[in-house]
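Written below as structure tokens is the structure these notes are about.
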Amino acid sequence: DAKTTQPPSMDCAEGRAANLPCNHSTISGNEYVYWYRQIHSQGPQYIIHGLKNNETNEMASLIITEDRKSSTLILPHATLRDTAVYYCIVRENSGNTPLVFGKGTRLSVIA
Amino acid sequence: DVKVTQSSRYLVKRTGEKVFLECVQDMDHENMFWYRQDPGLGLRLIYFSYDVKMKEKGDIPEGYSVSREKKERFSLILESASTNQTSMYLCASRSRGFGYFGPGTRLTVT
């Protein structure tokens, strides 16, 4: 079973920031938070990951709470092409354990 | 760029046929995975492999087998295809950390 909880769906106006929450209250000390997204009819695409510090790359920012029990993925200026299902996953960085996907959040960016 | 390629984007097979889905990655990754994705059920892990000739069952291995003779290639085999195996099949590879997915194969079994 997935170790994360996400809202099933969210809407966001084009050009505004999209803030996608994720709860992972049972995360262990050596587990990272990963975010992927899946645009319709494509394979999932890696976005960003972090351990405890906030992270930013060209796609998004990841804010992790101090207790690491929740995080937020931020798309700073959402576009219509960001419409997708977003998955939050926790796992260790090493080892052979596979990625376990939950149901994710379906983000709809509206013009 | 990392590439994970799958042999077909769309495939139509008949019930009872033996079906091979091929996945190839070009990044020398140790770990490779097969998932299937169905509406309302999300991505479910079928099999994975962490080395050549090694395989591990995922959550739904029944009706499937896999083969990994070379590091870059991971094949999913449906020994006798059934209509309930109609699905989107996704392959992924990973060395450490995050993984890369292929574009998927939409298989229809009639």
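In Å², what does the accessible area per residue of chain A work out to with a 1.4 Å probe? Spell out each step's value before the answer.
On the way: 5780 Å² over 111 residues.
In whole numbers, chain A has 52 Å² accessible per residue.
So if I take the centroid of the Cα atoms in the range B:10-65 and the same for the range A:77-111, what is the distance between those two points in Å?
Using only Cα atoms to place each centre, the spacing works out to 20 Å.
Per-residue Cβ counts within 10 Å, from other chains only, averaged over B:95-101: what number is that? Each step should come with its number before you reach the end.
On the way: counts 0, 5, 8, 12, 7, 4, 8.
Per residue, the number of nearby Cβ atoms from other chains is 6 on average.
Under 18 Å from the Cα of B:Lys3, which aspartates and glutamates turn up, not counting those fewer than eight places away in the same chain?
B:Glu22, B:Asp26, B:Asp28, B:Glu30, B:Glu72
So how much accessible surface do A and B hide from each other in total, probe 1.4 Å, in square angstrom to the nearest 100?
Counting both chains, the buried surface is close to 1600 Å².
Quick one: order A:Tyr36, B:Tyr50 from most to least accessible surface, probe 1.4 Å. Please report the intermediate quantities before stating the final value.
Values: A:Tyr36 0, B:Tyr50 65 Å².
Output order, biggest surface exposure first: B:Tyr50, A:Tyr36.
Using a 1.4 Å probe over the heavy atoms of the protein chains, calculate the carbon and sulfur portion of the accessible area of the protein assembly as shown as a whole percent.
Answer for the protein assembly as shown is 49 percent, counting heavy atoms of protein chains only.
What average count of beta carbons from other chains do you get within 10 Å of the Cβ of residues in B:29-38?
Counting other chains' Cβ atoms within 10 Å and averaging over B:29-38 gives 2.
Please figure out what share of the DSSP beta bridges in the protein assembly as shown is antiparallel and state it in percent, rounded to the nearest 5.
If we restrict to bridges inside the protein assembly as shown, about 90 percent are antiparallel.
So, for chain B, what is the accessible surface per residue at a probe of 1.4 Å, expressed in square angstrom?
Each residue of chain B exposes 49 Å² on average to a 1.4 Å probe.
Reachable lysines from B:Lys18, Cα under 25 Å, same-chain residues fewer than 8 places away excluded?
B:Lys53, B:Lys55, B:Lys57, B:Lys70, B:Lys71
The values are calculated or read from the model by the stated rules, or taken from the named source; none is laboratory data. The shown structure was predicted, so the numbers you read here are calculated from the model rather than taken from an experiment. All Cβ positions, glycine included, derive from the backbone under ideal geometry; neighbour counts span all protein chains shown. Keep in mind that these areas ignore ligands, DNA and RNA; they rest on the heavy atoms of the full protein, side chains included. Shrake-Rupley method; radii C 1.70, N 1.55, O 1.52, S 1.80 Å.
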